[in-house]
Amino acid sequence: MNKITKVPDKKEAPVLGIDLGGTKILASVVDPTGKIIARSKKKTKAEKPWRVVISRIAECAKDAAEISNIPLADFAAAGIGAPGALNPDTGIINLAPNLNWENVNLREILEQELQIPVFINNDVNMGTLGECRMGSGVGMKNVVGIFIGTGIGGGIILDGKIYGGASYMAGEIGHIPMVDNGPLCGCGKKGCFEAVAGRLAIVRDIIEGLKKGKESILSDEVGENYSKIKSRRLALAWNKRDPLTVKVLKKAAVYIGKGVATVITILSPDAVILGGGLIEAIDEDFLELIKKSAEANSFPSSLRNTKIIRALLGDDAGILGSALYARECLSKK
Ligand SMILES: [Zn+2]
């Protein structure tokens, strides 16, 4: 008699949710109710060849599965949020500058390594989906996520689904033109939103102030080791009303508000969710400044039904969003 292998019911099976970042890989096991039951973490080591990095992703996913005590073969699928320009249909990462990847078929290779279906999408889209389904956007169908990190990332959920547009590049909010002939952006253009309000831009302006001898607790804390000025430290300095930090962040809040206003004017979503390390650690007054700027720069009635709220899930947004995305792609198959 042939041995019959039990095929796990896809609806009842757990999924893997993975977030691939330039510095770290996060993997999680998510049960059918959306609860994270195991997690693991690995350094990306983006300086290594892409094959090595993909093996590290697979190892990280296998570690999470092992912690949950569930054999890999019993998983329904894996979802992975990856940085850069990618195509969710082909599973290919076209260009990811912070990984040094060009035309890498992430999905195919990861499927070979894990032997389960893999679904990929942009990391910020996954984070926005996570917040929309399980974070501050629960119950909403149209949501835009703006994440202030090193740069500024954006994700759009329309009618409950990730909106990629014609090129899968929709939602690259960080590159909205903000200031004429402004500071140079990583994309090569001048004056983009992230070049005036991303963390690197904020730190650049703070360093400029410190070099001019402006008074700041940051100079006591970091001296001339400016690389120590990270999101959390900035948020704490703001919360203590450090004069230089307040001056620079007030300017950034006005730009962030303009970015929010642009999004609201075009899409009129149920909510704009603001996330990222700086936003998560900073006090309510900063959010109020953003809201004021958004109001001042929006067509009044378009603002009426849109909430401007803070993200709730931190790093879990990406892994939960990836897991939910995998489950939803699977149910469409
Ligand atoms: Zn740019």
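The values are calculated or read from the model by the stated rules, or taken from the named source; none is laboratory data. Here the structure is a predicted model, which is why all the values come from computation and not from measurement. In this analysis, Cβ positions are derived from the backbone assuming ideal geometry, glycine residues included, and neighbour counts consider all displayed protein chains. Only protein heavy atoms, including side chains, enter the accessible area calculation; ligands, DNA and RNA are left aside. Shrake-Rupley method; radii C 1.70, N 1.55, O 1.52, S 1.80 Å.
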Cross-link partners among lysines for K42, C-alpha distance below 28 Å, same-chain residues fewer than 8 apart left out?
K10, K24, K62, K228, K230
What accessible area per residue, rounded to a whole number of Å², is obtained for the stretch 49-113 using a probe radius of 1.4 Å?
45 Å²
Modelled label-to-label distance, N225 and R304, 7 Å Cα→beta-carbon offset: nm?
5.4 nm
Compare I176, I116 by solvent-accessible area with a 1.4 Å probe and give them largest first, with all protein chains kept in place.
I176, I116
In Å, what Rg and Dmax follow from the Cα atoms of the stretch 162-213?
13.7, 48
Once a ≥ b ≥ c are taken as the square roots of the eigenvalues of the Cα gyration tensor of the stretch 228-286, is the result rounded (a/c under 1.5), prolate (a/b larger than b/c) or oblate (a/b not larger than b/c)?
prolate
Relative contact order %, the stretch 1-159, counting alpha carbon pairs below 8 Å whose residues are six or more apart
18 percent
Which pairs in the list K250/K292; K141/K161; K247/K292; K41/K161 are over 18 Å apart, alpha-carbon to alpha-carbon?
K41/K161
Once the other residues with Cβ under 10 Å from the Cβ of V118 are scored (Lys, Arg +1; Asp, Glu -1), what is the net sum?
-2
Which three numbers, in whole Å and largest first, are the semi-axes of the equivalent ellipsoid of the chain derived from its Cα gyration tensor as √(5λ)?
36, 22, 18
Ranked highest first by the average count of other Cβ atoms within 10 Å around their residues, in what order do 310-323, 24-37 fall?
310-323, 24-37
Under 9 Å, Cβ to Cβ, from S231 - net charge with Lys/Arg +1 and Asp/Glu -1:
+3
Would you list, by chain and number, the aspartates and glutamates whose Cα falls below 15 Å from the Cα of K214, excluding same-chain residues fewer than 8 positions away?
D205, E224, D242
Could you let me know the centre-to-centre spacing of the stretch 196-215 and the stretch 92-129, using Cα atoms, in angstrom?
34 Å
Counting only DSSP beta bridges with both residues in the chain, what percent are antiparallel, rounded to the nearest 5?
60 percent
Using the alpha-carbon atoms, what tilt in degrees (0 to 90, nearest 10) does helix 243-267 show relative to the longest principal axis of the chain?
60 degrees
Taking a cut-off of 18 Å between Cα atoms, list the aspartates and glutamates near K45, but don't count ones fewer than 8 places away on the same chain.
D19, E59, D63, E102, D123
So, with a 1.4 angstrom probe, what is the percent of accessible area on the chain that is carbon and sulfur?
52 percent
Quick one: 3J(HN,Hα) in Hz for the stretch 152-166, Karplus 6.51/-1.76/1.60 with θ = phi - 60°, rounded, Gly and Pro as x.
10, x, x, x, 10, 10, 10, 6, x, 10, 4, 9, x, x, 5
If you line up the long axis of helix 284-297 against the longest principal axis of the chain, both from Cα atoms, how many degrees apart are they, to the nearest 10?
80 degrees
Please work out the average accessible area per residue across the stretch 270-326, using the 1.4 Å probe convention, and give it in Å².
42 Å²
Taking the chain and counting helices only, DSSP H stretches of n ≥ 4 at -39,500 (n - 2.57) each over all residues, the nearest-500 ellipticity at 222 nm comes to -12500 deg cm²/dmol
Please work out whether the stretch 231-324 counts as rounded, prolate or oblate from its C-alpha gyration tensor, where a ≥ b ≥ c are the square roots of the eigenvalues and a/c under 1.5 means rounded, while otherwise a/b larger than b/c means prolate and anything else oblate?
oblate
Just name one of C187, G314, L236: the one whose Cα is farthest towards the positive end of the charge dipole of the chain (beta-carbon charges, Lys/Arg +1, Asp/Glu -1).
L236
Starting from one equal scatterer on each C-alpha and no solvent at all, send me the Debye-based log10 I(q)/I(0) for the stretch 114-173 at q = 0.12, 0.14, 0.16 Å⁻¹, two decimals.
-0.29, -0.39, -0.50
Between I92 and residues 5 or more places away or on another chain, which pairs have amide H atoms under 5 Å apart, with H built 1.01 Å from N, and which residues are they?
N87
In the stretch 186-292, what GluC sites (Glu not before Pro) fall in a loop by DSSP, with at most 13 other Cβ atoms inside 10 Å?
E215, E224
Cα convex hull volume per residue for the stretch 1-121, in Å³, equals 108 Å³
For the stretch 47-185, what value does the Rg/Rh ratio take when both radii are computed over Cα atoms and Rh is the Kirkwood radius, given to two decimals?
1.00
Result for the stretch 128-201: accessible area per residue, probe 1.4 angstrom, in square angstrom, of 42 Å²
Determine the principal axes of the Cα atoms in the stretch 161-284, then give the extent along each, sorted from largest to smallest and rounded to whole angstroms.
48, 31, 20
Answer with one residue from I93, I146, V124: the one whose Cα lies farthest towards the positive end of the charge dipole of the stretch 56-210, charges on Cβ with Lys, Arg +1 and Asp, Glu -1.
I146
Around P183: net Lys/Arg minus Asp/Glu count, Cβ-Cβ under 13 Å
0
